[in-house]
Amino acid sequence: MALRRGVAFCLVVFTVGAGNVSAQPSSIGSEPAGPPPRDWTFDIGPGVIVAPWFEGSANYRVLPIPNLDLRYQRDKFFVSARDGVGATLLDLQGFKAGPILRYRFPRNEGDGGYLFGMGNVPFTVEGGGFLRYDLPYLAAKVELRRGLGGSNGLVFDALIDGKLRLSDTVFLSAGPRLSVTDGTYNQAYFGVNASQSVNSGYAQYYPGAGLRSVGAGASGVWRITDNLTFVAFGSYNYLADLAANSPLVTGPGGSRNQFVVGSALSWRFAF
């Protein structure tokens, strides 16, 4: 019962606090060497993120977010603000695979001042699976997810991270990112249908499926004590032509260059 309440608390607080933060994974994720976690770990603390108002926006806002992370034996089951909700069902010779759920929060007409007349894109849960492969200094991960509501679109994300341990308490990772989306997703977030064109003044635009963005991400973890950890992360995504040609991106409030930076402190409870 206490565990179910903890999971529900994680989901509710993150949903309320995270705003329009993208569901795209920002890092593969790991942690410095040190005492192995007990069966269950729960990390909680304050965080802040700077992100575009909407995907393709040239304007940014600062969002306070909770840093929440609940795990069983590191990744056999996890509920994480950064990594989504998932479980490892296959763990064999460096390969890990399992189901994944991520959240894509609503995009509203009032976000950033350049979406009036475009209507709202509802909250989306993206469900699918992940496959990850780990080496001592390198990790690769792919995810395939389908929106269950909201855009109802299909998303494929791939990322590779080089991993560097500067000490037993400091861990760095960085590498390239790639995202491919189908026409349903692209129409929801970058398209302009006839009704939206009349209401917003943007020209009609109907993108198909294809490469959505390429970029890079990096993260750093500093375990200050066995229980207190500081995390900093950032990413840059360059929108590919099917997104970049959208009137939302080519217009006065848009940009194909998308940056996200953030940091957080967390305190770990183990049980």
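Before moving on, here are some points about what is shown:
- In this Cβ point-charge picture (+1 for Lys and Arg, -1 for Asp and Glu), the chain has a dipole of about 280 debye about its Cα centre.
- Between the listed residues PHE78, THR124, GLY210, the Cα displaced farthest toward the positive end of the dipole of the chain, a dipole computed from Cβ unit charges relative to the Cα centre, is found at PHE78.
- Site pair ARG165 and GLU109 shows an inter-label distance of 5.4 nm when each label is modelled 7 Å from Cα along Cα→Cβ.
- Using the Cβ of LEU89 as centre and a radius below 13 Å, the other residues enclosed give a net charge of +1, where K and R count +1 and D and E count -1.
- Rg and Dmax of the chain, both derived from C-alpha coordinates alone, stand at 18.7, 60 Å.
- Sequence-distant contacts, meaning Cα pairs under 8 Å at least 6 residues apart, place the relative contact order of the chain at 20 percent.
- FRET efficiency estimate (nearest 0.05) - Cβ-Cβ, GLN73 to ALA216, R0 30 angstrom: 0.50
- Farthest toward positive dipole pole in the chain [+1 Lys/Arg, -1 Asp/Glu at C-beta], among SER151, PHE233, PRO66: PRO66
- Distance from the alpha carbon centroid of the stretch 80-99 to that of the stretch 104-156 works out to 18 angstrom.
- In units of the compact-protein estimate 2.2 N^0.38 Å, the stretch 208-257 shows a Cα radius of gyration of 1.74.
- Cβ-based net charge around SER151, under 14 Å, with every Lys or Arg adding one and every Asp or Glu removing one: +3
- Each Lys and Arg Cβ is given +1 and each Asp and Glu Cβ -1; about its Cα centre, the stretch 129-261 then shows a dipole of about 20 debye.
- Put simply, when 96-104, 70-78 are sorted by average Cβ atoms within 10 angstrom per residue, most first, you get 96-104, 70-78.
- When nucleic acids and ligands are ignored and a 1.4 Å probe is applied, TRP267 ends up with an accessible area of around 110 Å².
The values are calculated or read from the model by the stated rules, or taken from the named source; none is laboratory data. Because the structure is a prediction, the values reported are computed rather than measured. Ideal geometry is used to build each Cβ from the backbone, glycine not excepted, and the neighbour counts take in all protein chains shown. For accessibility, only protein heavy atoms count, side chains too; no ligands or nucleic acids. Shrake-Rupley method; radii C 1.70, N 1.55, O 1.52, S 1.80 Å.
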